[in-house]
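Below is one structure; the comments refer to it alone.
The values are calculated or read from the model by the stated rules, or taken from the named source; none is laboratory data. For clarity, every value in this text was computed on a predicted model and none was experimentally measured. Here Cβ is always computed from backbone atoms with ideal geometry, including for glycine, and neighbour counts include all displayed protein chains.
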Amino acid sequence: MRKRKILSEDALQNNPISTEEVAVTVADIRRELEAYADPVKREYLPRFFKTGKGQYGEGDKFLGVVVPNTRTLAKQYKDAPFDVMAELLQSQWHECRLCTLLMLVERFRKGDDKDRKLIYDFYLSQTDRINNWDLVDLSAPGIVGEYLKDKSREDLYRLADSGLLWEQRIAVVSTYTLIKNGDFADILALSERLLHHPHDLMRKAVGWMLREMGKRDKDLLVQFLEKHCKVMPRTMLRYAIEKFPEEERKEFMKR
């Protein structure tokens, strides 16, 4: 996929601040995150998010902060300039990146059309730093999905065709917002497009979104499964039929 250009400083913010002020604000946010750190979580989270050599989260580092505390801090700093957010997204610490993404979600929710466009473009310019499944899942529906509700979905398909796992997951998980609004066309198209994806995280994401669609239109999900269940990866199928009655689940898994 062709990467979007990083936005200019003028485009990213109306209230530019100095390099020194950026550094101070970034340090303040990190210090406040560290105050929430739990040593037990700090030891556990790297294993949970598969940060070992060759795993999908290889090299990621954790302070040990739980999401509710990160979200609290994000609400406090949601109006930080974009250059502060850009710097935070470069952090080695997972929670710094998550805090930034939650800041963007909160800011998007309260922004006008101009603000939302800036946030959307900034978000898609930073996808190489949205690099674990929770970072995607807690931000993509509230930014990409919300922005595209009444717009062309072309970006979803560019992301889906990317060679970057996290961009592909952004494409799929962003449809959660569309699904909740009764719009199923894109998750059906993306599911067919990514039906044979080799990575378990994508198989789970597609199955999850199909399940969400099925909660709202089971007949449509069954039609999709009747067409594809014999060749679907079993993980994807299990996720898609999780809410079906037990006997119906068993029947699909036999195929």
Hey, residue 108 closer than 13 Å to residue 22 by Cα, hydrophobic (A, V, I, L, M, F, W, C) and touching a Phe, Trp or Tyr at 6+ places or on another chain (Cβ under 9 Å) or not: no
If we scan segment 173-190, do we find a residue that is closer than 22 Å to residue 98 by Cα, touching a residue at least 60 places away in the same chain (Cβ under 8 Å) and in contact with a helix residue (DSSP H, G or I) (Cβ under 6 Å, 6 or more places away or on another chain)? no
Only one residue in 49, 82 is surrounded by 16 or more Cβ atoms within 10 Å (Cβ to Cβ) and under 19 Å from residue 126 (Cα atoms). Which one? 82
Scan of segment 127-161 for residues that are buried (at least 17 other Cβ atoms within 10 Å of the Cβ) and among the hydroxyl-bearing types (Ser, Thr, Tyr), ordered by number: 127, 139, 147
Of the residues 124, 73, only one is under 14 Å from the mean Cα position of the chain (by Cα), among the hydrophobic types (A, V, I, L, M, F, W, C) and either buried (at least 22 other Cβ atoms within 10 Å of the Cβ) or part of a helix (DSSP H, G or I) (or both); which? 124
For residue 199, only one of the following conditions fails: (1) within 30 Å of residue 113 (Cα to Cα); (2) touching a residue at least 60 places away in the same chain (Cβ under 8 Å); (3) not basic (Lys, Arg). What is its number? (1)
Test residue 33 against the stated conditions and say whether it is part of a loop (DSSP other than H, G, I, E, B), more than 19 Å from the chain's Cα centre (by Cα), buried (at least 18 other Cβ atoms within 10 Å of the Cβ) and at pLDDT 95 or above. no
Which count do you get for residues in segment 217-232 that are surrounded by fewer than 19 Cβ atoms within 10 Å (Cβ to Cβ) and in contact with a helix residue (DSSP H, G or I) (Cβ under 7 Å, 6 or more places away or on another chain)? 1
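Output the helices (runs of 4 or more DSSP H) that fall wholly within segment 142-255 and possess 2 or more residues being in contact with a strand residue (DSSP E or B) (Cβ under 7 Å, 6 or more places away or on another chain) and among the aromatic types (Phe, Trp, Tyr), or say none.
Per the criteria, no element qualifies.
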Sole residue being among the hydrophobic types (A, V, I, L, M, F, W, C), surrounded by 13 or more Cβ atoms within 10 Å (Cβ to Cβ), at pLDDT 95 or above and not in a helix (DSSP H, G or I), chosen from 98, 63: 63
